[in-house]
Amino acid sequence: MSRTVEPAAMEPALARRTFLKGLATAVTAPALLAACSSDDTSSDKTPAKGDPNAPADLSFWTWTTNIEKVVDIWNQKNPTQKVTVSRQAQGEDEITKVITAHRAGNAPDLIHAEYQALPVLITNGVAADLSSLAAEVKSAFTDGTWKLVSFGGKTYGIPQDVGPMMMYYREDLFTQYGLQVPKTWDDFAATARQVRQKAPNQYLATFSSGDPGWFAGLAEQAGANWWVNDGGTWTVSINDASTKKVAQFWGDLVNQGILSGKPMYTPEWNKAMSDGTLLAWPSAVWGAGVLEGVAPSTKGKWKMVPMPQWDAGTPATGYWGGSATAIWAKSPHRAPAEKFVKWLNTDPEALDGMISAGGIYPAATAGQSAPSLSKAPNMMPNQPAFFADAAEISKTARGFSWAPNVNVTYSNYSDIFAKAIQSKSDFGAAVDQLQTASVADLKKQGFQVKS
Amino acid sequence: MTTTLVDAPAKTAGKVSRTTTKSRMLPTIILILGAFYCLVPVLWVAVAATKGPTELFTTFSFWPSVHGGFWYNLTHLLDFRDGIFWRWALNSLIYAGLGSVLSVAVSTIAGYALAKYRFPGREVIFLTILAGVLVPQITLAVPQYLLLSKLGLVNSYLSVLLPSIISPYGIYLSRIYAAAVVSDDLLEAGRIDGAGEYRLAWSVGLRPMVPGMVTLLLLQFVAIWNNFLLPYLMIANDRRFPMTVGLYTMLNQGASQPALYSLVVMGVFLSVLPLIALFLFLQRYWRLDLVSGATKG
Amino acid sequence: MRRTSAPYVFVAPAVILLAIFLLVPIGYTVWLSLRASRVTGDGLGLRHEVFVAFDNYKSVLTAPDYVHGLLRMLGYGAIVVPVMLGLALSFALLLDVPRVRLTRFSRISIFLPYAVPGVIASLLWGFLYLPGVSPIRDAASALSLPVPDLLSPNTVLFSVANIGIWGGVGFNMIVLYTAVRGIPQELYDAARVDGASEVQIALRVKLPLITPALVMAGVFAIIATLQVYNEPATLAPLSDSISSSWVPLMAIYRDAFVNNDIYSAAAASVVLALGTLVVSAAALRVLQKRAFGLDR
């Protein structure tokens, strides 16, 4: 995903020795600033809970499409407890802003965070412990989903949406080239080769160095478990056998030119999805929404099926993305915030709104069989049972838990795999490099890591 | 200083044929090529803005679409989230307009003082001003944010305006310009007549500096209009974003949300139009010779 | 000169704003560069800020990707500065050739890229480079020519440099052109009487006289290219050829905003700033005499 930012228009300058003079005078001032970049030693001292019905003005940083419509419903019902939505950028950009705002003492009350970002928020003292709230709604979510928001026995977020992985393919092109829908990864490789033979300018799929979450989901499907925390010590096994198997499978195909190696979510990728250069897309349940945005001219041509399997007898899939709602540890409106979070993620009216206006796939099990999911997404009128199929697939989804340096790991993933693709080197070795880098960073930050 | 070109054919009667047709065509062709190279991406934006979402990635790049894509993009962009694009445009105008005016005011008087007075600390101040720009804005952004937050100003228009006012380059240019155009003789004469310093600055200093101030205004306007990082970090309320940040958020709504590429392209197209208009309009007033360091003795 | 507080009053607004928004943050950056965030306690233990002296500097200066980024940035500068200034100079001189046509159109067109924000310009060129959507590809295949991959590891440096050049030529051209226009007409006339061709006039008469402007433009260009960020950062997600630390500022951004490690970012910034200081001071010392004509 794009992480592009532009610094202020760079203005040219000259400098002399008085730069250092000016600097010396400035060094005395930072004591001022140091005092205000408060440390996060006391996040467990949660403020007294308070009355959930007390009047409050709550701020909510999120990026879900059209969530204002859902929030409006709440605001009408709770006029003294107004929630104001503010859109920053997505995912990790938003997390950075949240942490910066937290340092300055003005983070929002309600924080929309992807699952893998929660540990970063926790170790920075940003996310509040929501274990008691979680207990109230335990049965609304599956155990697998709770795992995504729980660490060290405590819960730090209420799941909002999940992204179980499934595959989309161009039904029309498969028919045209006489291809079989792959049920296992071996089938997938065979189909990929057929595509290259029959259509030299097209590929079955691409391996993206820009989407670490996608790769993590594929690893999850194969049974990987990258991070385990045991009584305070981390065990990092990014290069376990399952992950290496996945990496080498894709790596061999990419290096032989059977699969493409170009990143997703670029203008070029949009074009490839529109004009059939790519015939299939291992993606997640929200993929239909993305397709609508990037390749609207292909409406009705895609079909969704379960991901190819490693073991046909035990179907499994991973998660790609998905997010939760967290509450700022220092929010002065803790109880009303908790009330809102509970409503947003479990109330049928809220869920319905988020599904139909926001296009998300809810984590709440009740939401997964909501009425608005009874018809197919706009892009796929040819598959009316889309969401029923999705619900079946999501039962087989398995995730893993995250470490506090997921952001560093993900950024390393992009660099390492981009290089591997460019130099056509072994993807298994790339996974080893990723392991090394991730462990080194975790240790550097002061965590206990089992060697 | 718009000197007109004088051919002086009378003096060089026998030699003027040096400027043959060929020697005139070649420079012209090279310049046209240069112009074309510079225009191509801008033209691309104009063409791309005519394509609706289904056409943007499926049609030949440089052929504009006549299927109503332009209208579709325009209406959907202006309609997006109840017309927030207008709000962003207004914000850009406020930040750039107000910011550049304030910046020019501050830079001009500082430049005037640095050029026309000798006082202790003059060089230190000047060089510290220039030295500050060596540190990249990216790292200054977070400390500036923490500071403004301490002052309770984040998320306000001031949080973007105040840092935008300082322009070391502007002060540098003002200093050079003041030294070149403000007459020391007039200042001395004024002092002998008993005029106060402030009065002198206004009557003797200001007038000749106006062309330079207009140039600075344009440069600073463009810089603030195109600025991204500062407002991105300082502003949390998306109703206060300038266009640069607003368009960025439209493009980056998340892996699971569709990117609104065709609307963003339209937004980009619309956002460069005012700047182009500003250039064309203010052409007459620029005096970029102040930037080149006068060569006159 | 009589004593007066006027100059101090005049510079006061600038100095005050400067102190608050530039000096204090710079000082804070230096201070941050000597500290780091470390975790105490168990698995999801909380972070504390501790003093680590020069550890951050050590890890920045020994990180191979940062050093490669520095070298690459110098390479980028070595391409951009001469080419950009060369083109700007050529266009400026060409505009001044007698009776050349369409000067106003050319001048405005070449200046136009200045109106486009850096990120947008990079995105536009990204579209022009990406094989899938690029009109260059369409044109090449229509003419049955091989399609160049402008974002491959071998070509990406030039592709990124091209964006920098494209954006900066116009501004520098106008600067140099106004300098050329400032040359008194009599000087050329003498040369023309002597029978010099336009080319000779340009090289022997005009060029030496605008050298101060050229030098100043050069120094500013060097400093700007040492802080290159927009172009590679915008192109990075579009291709596999640009890493997250391709130039130093990208690594700094990544540390500050992606890895939430403002401390390493601070140290790397100080290193970059000092490096820029050294390079620009050196460049200026070499060219000092010609550069500062004015109020010395």
### Message
Please go through the stretch C:189-220 and give me each residue that is among the basic types (Lys, Arg) and either outside any helix (DSSP H, G or I) or surrounded by fewer than 20 Cβ atoms within 10 Å (Cβ to Cβ) (or both), ordered by number.
### Response
C:Arg204
### Task
State whether one or more residues within the stretch C:109-116 are within 18 Å of C:Thr155 (Cα to Cα) and either more than 7 Å from chain B (Cβ to nearest Cβ) or among the small types (Gly, Ala, Ser) (or both).
no
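Residue-wise test of (1) over 30 Å from C:Val278 (Cα atoms); (2) surrounded by fewer than 20 Cβ atoms within 10 Å (Cβ to Cβ); (3) not small (Gly, Ala, Ser).
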position	(1), (2), (3)
C:Val67	no, yes, yes
C:Gly75	no, yes, no
C:Ala78	no, yes, no
C:Pro82	no, yes, yes
C:Gly86	no, yes, no
C:Asp96	yes, no, yes
C:Leu102	yes, yes, yes
C:Val116	yes, no, yes
C:Tyr129	yes, no, yes
### Query
Restricting the search to the stretch A:311-341, which residues are touching a strand residue (DSSP E or B) at 6+ places or on another chain (Cβ under 6 Å) and either of a type in the set (A, V, I, L, M) or assigned to a loop (DSSP other than H, G, I, E, B) (or both)?
A:Ala312, A:Pro315, A:Gly318, A:Ala324, A:Ala326, A:His333, A:Ala337, A:Val341
### Query
For residues in the stretch B:42-96 being within 14 Å of chain C (Cβ to nearest Cβ), among the β-branched types (Val, Ile, Thr) and in contact (Cβ under 8 Å) with a residue 12 or more places away in the chain, which is nearest to B:Asn237 (Cα to Cα)?
B:Val45
### Message
Between a residue in the stretch A:406-419 that is within 7 Å of another protein chain (Cβ to nearest Cβ) and farther than 19 Å from A:Tyr115 by Cα and any residue that is modelled with pLDDT under 90 and assigned to a helix (DSSP H, G or I), which pairs come within a Cβ distance under 8 Å, given they are 6 or more apart or on different chains?
### Response
A:Asp415/C:Asp65
### Restricting the stretch B:153-173 to residues that are assigned to a loop (DSSP other than H, G, I, E, B) and at the interface with another protein chain (Cβ under 9 Å from one of its Cβ atoms), the residue that is nearest to the chain's Cα centre (by Cα)
B:Ser167
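Suppose the filter is assigned to a helix (DSSP H, G or I) and without any contact (Cβ under 8 Å) to a residue 40 or more places away in the chain; does C:Glu186 pass it?
yes
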### Message
Tell me the residue from B:Trp225, B:Trp202 that is in contact (Cβ under 8 Å) with a residue 40 or more places away in the chain and of a type in the set (Phe, Trp, Tyr), please.
### Response
B:Trp225
### Query
So how many residues does the stretch C:63-72 have that are away from chain A (no Cβ under 13 Å) and either in contact with a Pro (Cβ under 7 Å, 6 or more places away or on another chain) or more than 25 Å from C:Ile165 (Cβ to Cβ) (or both)?
2
### Query
Has the stretch C:37-55 got at least one residue that is under 29 Å from C:Gly218 (Cβ atoms) and either surrounded by fewer than 18 Cβ atoms within 10 Å (Cβ to Cβ) or β-branched (Val, Ile, Thr) (or both)?
no
### Message
Just the residues that are closer than 21 Å to C:Ser122 by Cβ and among the small types (Gly, Ala, Ser), please, taken from the stretch C:168-182.
### Response
C:Gly168, C:Gly170
### Query
Of all the residues that make up the stretch B:150-186, how many are within 20 Å of B:Ser107 (Cβ to Cβ) and in contact (Cβ under 8 Å) with a residue 12 or more places away in the chain?
23
#### Entry: Filtered residues of the stretch C:264-275 (kept if crowded, with 23+ Cβ neighbours inside 10 Å and of a type outside the set (A, V, I, L, M))
C:Ser264, C:Ser269
### Query
What residue, of A:Asp415, A:Asp389, A:Asp426, is under 23 Å from the mean Cα position of the chain (by Cα), surrounded by fewer than 21 Cβ atoms within 10 Å (Cβ to Cβ) and not hydrophobic (A, V, I, L, M, F, W, C)?
A:Asp389
### Message
Considering only residues that are more than 15 Å from the chain's Cα centre (by Cα), part of a helix (DSSP H, G or I) and not charged (D, E, K, R), which ones fall in the stretch A:62-95?
### Response
A:Ile67, A:Val70, A:Val71, A:Ile73, A:Trp74, A:Asn75, A:Gln76
### Residue that is modelled with the lowest pLDDT, among those in the stretch A:350-371 that are in contact with a Pro (Cβ under 9 Å, 6 or more places away or on another chain) and not in a helix (DSSP H, G or I)
A:Gly359
### Task
Filter the stretch B:6-35 down to the residues that are more than 8 Å from chain C (Cβ to nearest Cβ) and at pLDDT 85 or above, then identify the one that is nearest to C:Gly170 (Cα to Cα).
B:Leu33
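Return yes or no: is A:Gln90 closer than 30 Å to A:Gly399 by Cα, assigned by TED's automatic domain parsing to the domain that holds A:Arg334 and modelled with pLDDT under 85?
Values: closer than 30 Å to A:Gly399 by Cα: yes; assigned by TED's automatic domain parsing to the domain that holds A:Arg334: yes; modelled with pLDDT under 85: yes.
So A:Gln90 passes the test.
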### Query
Just wondering, is there one or more residues in the stretch A:122-144 that are surrounded by 24 or more Cβ atoms within 10 Å (Cβ to Cβ), in a helix (DSSP H, G or I) and away from chain B (no Cβ under 14 Å)?
yes
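Is it true that B:Thr128 is without any contact (Cβ under 8 Å) to a residue 12 or more places away in the chain, hydroxyl-bearing (Ser, Thr, Tyr), more than 25 Å from A:Lys97 (Cα to Cα) and at the interface with another protein chain (Cβ under 7 Å from one of its Cβ atoms)?
Yes, satisfied.
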### Task
For the stretch A:410-438, name all the residues that are closer than 19 Å to A:Ser242 by Cβ and among the basic types (Lys, Arg).
none
### Task
Evaluate the following for B:Gly297: is it among the small types (Gly, Ala, Ser) and modelled with pLDDT under 70?
yes
### Summary
Exception for C:Ser33 within (1) surrounded by fewer than 20 Cβ atoms within 10 Å (Cβ to Cβ); (2) touching a helix residue (DSSP H, G or I) at 6+ places or on another chain (Cβ under 6 Å) falls at (1)
### Message
Can you say whether C:Val60 is surrounded by 15 or more Cβ atoms within 10 Å (Cβ to Cβ) and either under 30 Å from C:Ala213 (Cβ atoms) or under 15 Å from the mean Cα position of the chain (by Cα) (or both), as far as the supplied structure shows?
### Response
no
### Query
Given the structure, is B:Leu102 at pLDDT 90 or above, under 17 Å from B:Gly212 (Cβ atoms), of a type in the set (A, V, I, L, M, F, W, C) and surrounded by fewer than 24 Cβ atoms within 10 Å (Cβ to Cβ)?
yes
### Message
Just to check your reading of the model, which residue among C:Pro212, C:Pro208 is closer than 15 Å to C:Ala92 by Cβ and within 9 Å of another protein chain (Cβ to nearest Cβ)?
### Response
C:Pro212
#### Entry: Checking C:Ala161 against (1) buried (at least 21 other Cβ atoms within 10 Å of the Cβ); (2) at the interface with another protein chain (Cβ under 9 Å from one of its Cβ atoms), the condition it does not meet
(2)
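The values are calculated or read from the model by the stated rules, or taken from the named source; none is laboratory data. As the structure is a prediction and not an experimental result, all values here were calculated from the model. So basically every Cβ, Gly included, is an ideal-geometry build from the backbone, and we count neighbours across all protein chains shown.
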